[in-house]
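The values are calculated or read from the model by the stated rules, or taken from the named source; none is laboratory data. No experiment lies behind these values; they were computed from the predicted model shown. Positions of Cβ are backbone-derived with ideal geometry, glycine not excepted, and every protein chain shown enters the neighbour counts. Quick note on the areas: whole protein, heavy atoms, side chains included, nothing else; ligands and nucleic acids left out. Shrake-Rupley method; radii C 1.70, N 1.55, O 1.52, S 1.80 Å.
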Amino acid sequence: MIDHKKQIEVLLYGNPLQFACETLGVPNMRNYSYADVFTVSRAEVLAYTAVHGIPEPSSTESNRLLDGFHYYEEYGTWYTFFRERGMTFDQKKFSDETIAKEYIVSMLLKLTMTGLY
């Protein structure tokens, strides 16, 4: 069994596809389940981030125009949004830091495409 801390770090900072393939010794995940590799729960990931923080916000002034999921904090308010092909959508604003970080972690887990959210 893979250490839960390692699983969480891969899910938040790494490449879950590559890690799963290497762990299972397979070239792709077509016929396999990420649940065979990642056994952590969403609650465990949230508990980890409560202690260690969420991944460094991806949004700075210079890269907010890049495609992807962005989040940042300004003056105690958290902002999140998606950007694709020059369009910004699904903008959210959170005044509660706990709720903001729960949403951010949930989105980061969904974006791993592992189905583990």
Might you let me know whether segment 38-49 holds any residue that is buried (at least 17 other Cβ atoms within 10 Å of the Cβ) and touching a strand residue (DSSP E or B) at 6+ places or on another chain (Cβ under 9 Å)?
no
Looking only at segment 1-32, how many residues end up being surrounded by 12 or more Cβ atoms within 10 Å (Cβ to Cβ), over 19 Å from residue 53 (Cβ atoms) and in contact (Cβ under 8 Å) with a residue 12 or more places away in the chain?
9
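For segment 79-101, check the following and say yes or no: at least one residue is surrounded by 18 or more Cβ atoms within 10 Å (Cβ to Cβ) and either in contact with a Gly (Cβ under 6 Å, 6 or more places away or on another chain) or touching a residue at least 40 places away in the same chain (Cβ under 8 Å) (or both). Write out each step before concluding.
Narrowing segment 79-101 to residues surrounded by 18 or more Cβ atoms within 10 Å (Cβ to Cβ): 80, 83, 94, 100-101.
Remaining after also requiring either in contact with a Gly (Cβ under 6 Å, 6 or more places away or on another chain) or touching a residue at least 40 places away in the same chain (Cβ under 8 Å) (or both): 101.
Among the residues of segment 79-101, at least one is surrounded by 18 or more Cβ atoms within 10 Å (Cβ to Cβ) and either in contact with a Gly (Cβ under 6 Å, 6 or more places away or on another chain) or touching a residue at least 40 places away in the same chain (Cβ under 8 Å) (or both), which makes the answer yes.
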Is it fair to say residue 35 is at pLDDT below 95, more than 25 Å from residue 83 (Cα to Cα) and assigned to a helix (DSSP H, G or I)?
yes
Count of segment 83-117 residues which are outside any helix (DSSP H, G or I) and either within 19 Å of residue 12 (Cβ to Cβ) or not aliphatic (A, V, I, L, M) (or both)
19
Matching entry among 115, 76 (being open to solvent by less than 60 Å² (accessible area, probe 1.4 Å) and farther than 28 Å from residue 6 by Cα):
76
